[in-house]
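Please treat every number below as a calculation from the coordinates, not as lab data. Because the structure is a prediction, the values reported are computed rather than measured. No Cβ is skipped: glycine too gets one built from the backbone with ideal geometry, and neighbour counts run over all protein chains shown.
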């Protein structure tokens with residue numbers, strides 16, 4: 001029977017609700033597991049990407065283009081035009097050789113790009129002892145170049161290059177017309193051109209006897225191939241590729257080199273120097289190339305490394321041995337959208353091996369003017385932000401799954417579990433009534449009937465319990481009728497027994513003994529609703545009884561009740577026990593009748609008495625079949641018998657039940673034991689003090 005604190009009545013409901021709870025917890029656990037795995041994968045991926053970024057930046061800066069950016073950090077913060085000389089990672093430029101000049105400016109990336117195939121590089125060498133020169137190199141597109149004839153005072157009828165330099169408050173202007181080496185005035189139409197740029201100080205060019213600047217050196221080359229075509233044959237009249245290289249002698253810079261024992265190089269005011277380059281066509285037309293024109297694209301600078309940095313990453317560049325950073329770059333802000341604050345907190349609390357350790361990388365870049373140290377610092381918090389942004393979008397799906405689980409549980413809870421609970425509660429009240437705990441009530445299940453399985457079950461239970469109630473009512477009526485019958489039978493039998501007592505009530509009359517047993521049986525059954533209740537409600541008169549003489553007497557009188565060959569084996573001395581004489585005789589008589597029914601023909605029934613200081617044991621043994629194992633523990637229950645139609649033959653399965661009941665009321669026990677040749681009934685009684 002379930003206690004009030006027992007969970008048995010709620011076991012199925014707890015199992016059902018627990019399953020949905022576990023399903024919801026499993027969904028959350030799966031989401032957290034995926035987040036943790038994604039955080040772990042993101043951390044590993046970030047480590048790989050971080051080190052690749054550091055290597056990529058280092059490789060970029062080790063290239064001459066990167067070294068140019070390292071040697072000219074202020075260039076990133078100055079306007080593109082007018083041009084400022086850049087410090088090259090090379091000692092000097094071999095300006096007389098076109099291929100070497102082109103290779104130097106292209107590798108270093110010092111050229112400023114202009115529309116229509118224009119480009120100009122203005123730079124100085126890294127070796128101060130190469131002379132205080134400014135190198136200018138560039139390209140432009142032009143029709144076939146028109147050279148200047150030597151000795152002609154008018155240079156406006158030829159292609160020419162004008163260079164204007166402002167250095168430390170002084171302005172230098174050079175005008176260099178294009179001249180062929182052999183002095184010819186008209187070149188071949190389809191041939192490649194190579195000529196000298198002869199430099200004059202522009203203000204002195206109009207004066208008689210003007211002479212070229214001695215240290216001004218320049219060359220101009222033109223390719224016969226057109227700019228707009230990839231034709232292998234030259235085309236007359238199209239714009240062709242032209243490249244020039246100039247070395248500018250700046251007296252201020254040369255003089256500064258000899259003022260001190262150890263010159264300062266590069267000049268501290270290099271970023272304040274300005275150079276303008278113009279390529280002029282014959283006549284007074286628009287310049288073919290003007291370095292101050294709009295649309296200029298600056299060369300590579302350190303600021304161009306910013307797109308390589310992820311959000312939160314910081315790149316610090318400083319000259320080795322210096323405590324001050326030359327440049328600090330930070331990754332662009334992460335614009336991944338809004339994230340849930342609580343979700344970000346959950347992701348931060350997910351533990352990942354090594355996640356809390358700082359991530360850094362350092363590299364050393366060697367340049368002609370010293371070593372530079374790069375320090376890249378990562379930000380693992382970006383992994384959390386990135387994952388939080390993705391998880392915020394996906395959290396709607398997890399929330400939808402949990403909502404679906406909750407709705408499914410609610411629908412089943414309301415549509416099924418609630419009806420089952422009502423049905424269970426009402427059925428339990430009826431069950432208590434059937435067991436006699438309460439009043440038997442009609443099970444009202446009209447509100448639970450329906451076409452589904454539960455409705456059909458409720459209807460079937462209602463009809464079944466209605467039938468059970470009717471059967472219970474009929475059983476109550478039958479019990480009342482049996483009770484009345486027992487009253488009538490007892491009343492009619494008691495009167496003749498009283499008359500027999502008057503006839504055989506004398507001392508020594510053996511018939512009086514059996515008449516007393518009959519009166520006791522009538523009194524026990526009289527007024528009871530059932531025999532089992534009557535036997536269980538019997539009150540015995542337990543007193544001291546001499547068991548040896550009693551058993552000797554019972555064995556001697558057994559033939560009187562139709563049981564022959566009963567042998568008694570006693571100790572031959574008085575054994576006093578606590579018992580009711582008539583009830584104990586009924587017990588032994590019931591056992592002897594069972595032994596008579598099952599013993600083998602012509603075999604005796606042995607009664608043996610053994611006594612100890614506290615108990616006496618009576619063993620009644622008969623030879624015959626053993627009691628089946630399925631009945632050996634049930635033969636003492638009321639109505640149990642191994643014979644079919646036992647009640648019709650007068651065997652109600654009552655004898656051993658009476659024997660067990662009487663023995664218990666006398667403080668004894670009874671047990672059935674299968675032996676090798678039959679069955680033994682063992683009775684145990686307490687010794688009388």
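How high is the relative contact order of the stretch 10-146, given as a whole-number percent (alpha carbon pairs under 8 Å, six or more residues apart)? Don't skip to the answer; put the middle values down first.
Details: 123 pairs, mean separation 24.9, N = 137.
Relative CO of the stretch 10-146 lands at 18 percent.
Got a sec? How would 294, 45, 108 order by Cβ neighbour count within 10 Å, fewest to most?
294, 45, 108
Along each principal axis of its Cα atoms, how long is the stretch 73-300 end to end? Whole angstroms, biggest number first, please.
Projected onto its principal axes, the Cα set of the stretch 73-300 covers 54, 43, 29 Å.
So what is the relative contact order of the stretch 73-300, in percent, for Cα pairs below 8 Å that sit 6 or more residues apart? List each step's numbers first, then the result.
Working: 507 pairs, mean separation 64.4, N = 228.
Computed value for the stretch 73-300: 28 percent relative contact order.
Can you sort 136, 286, 167 so the residue with the fewest Cβ neighbours within 10 Å comes first?
Numbers: 136 27, 286 8, 167 22.
Taking fewest neighbouring Cβ atoms as first place, the list is 286, 167, 136.
Quick one: Debye curve from the alpha-carbon atoms of the stretch 540-686 only, equal weights, vacuum; give me log10 I(q)/I(0) at q = 0.17 Å⁻¹ to two decimals.
-0.97
Could you tell me the relative contact order of the stretch 558-689? Use alpha-carbon pairs under 8 Å, at least six residues apart, and round to a whole percent. Don't jump to the answer; show the numbers that get you there.
Details: 224 pairs, mean separation 39.4, N = 132.
Worked out over the stretch 558-689, it gives 30 percent.
Using the 10 angstrom Cβ neighbour count as an exposure proxy, how do 675, 608 rank, fewest first?
Sorted ascending by nearby Cβ count, the order is 675, 608.
When ranked by the protection proxy of mean other Cβ atoms within 10 Å per residue, highest first, what sequence do the peptides 31-39, 371-379 form? It would help to have the intermediate numbers written out before the result.
Values: 31-39: 16.2, 371-379: 19.3.
Top to bottom by mean Cβ count within 10 Å: 371-379, 31-39.
With N set to the residue count of the stretch 261-337, report its C-alpha Rg divided by 2.2 N^0.38 Å to two decimal places.
Output field value: 1.76.
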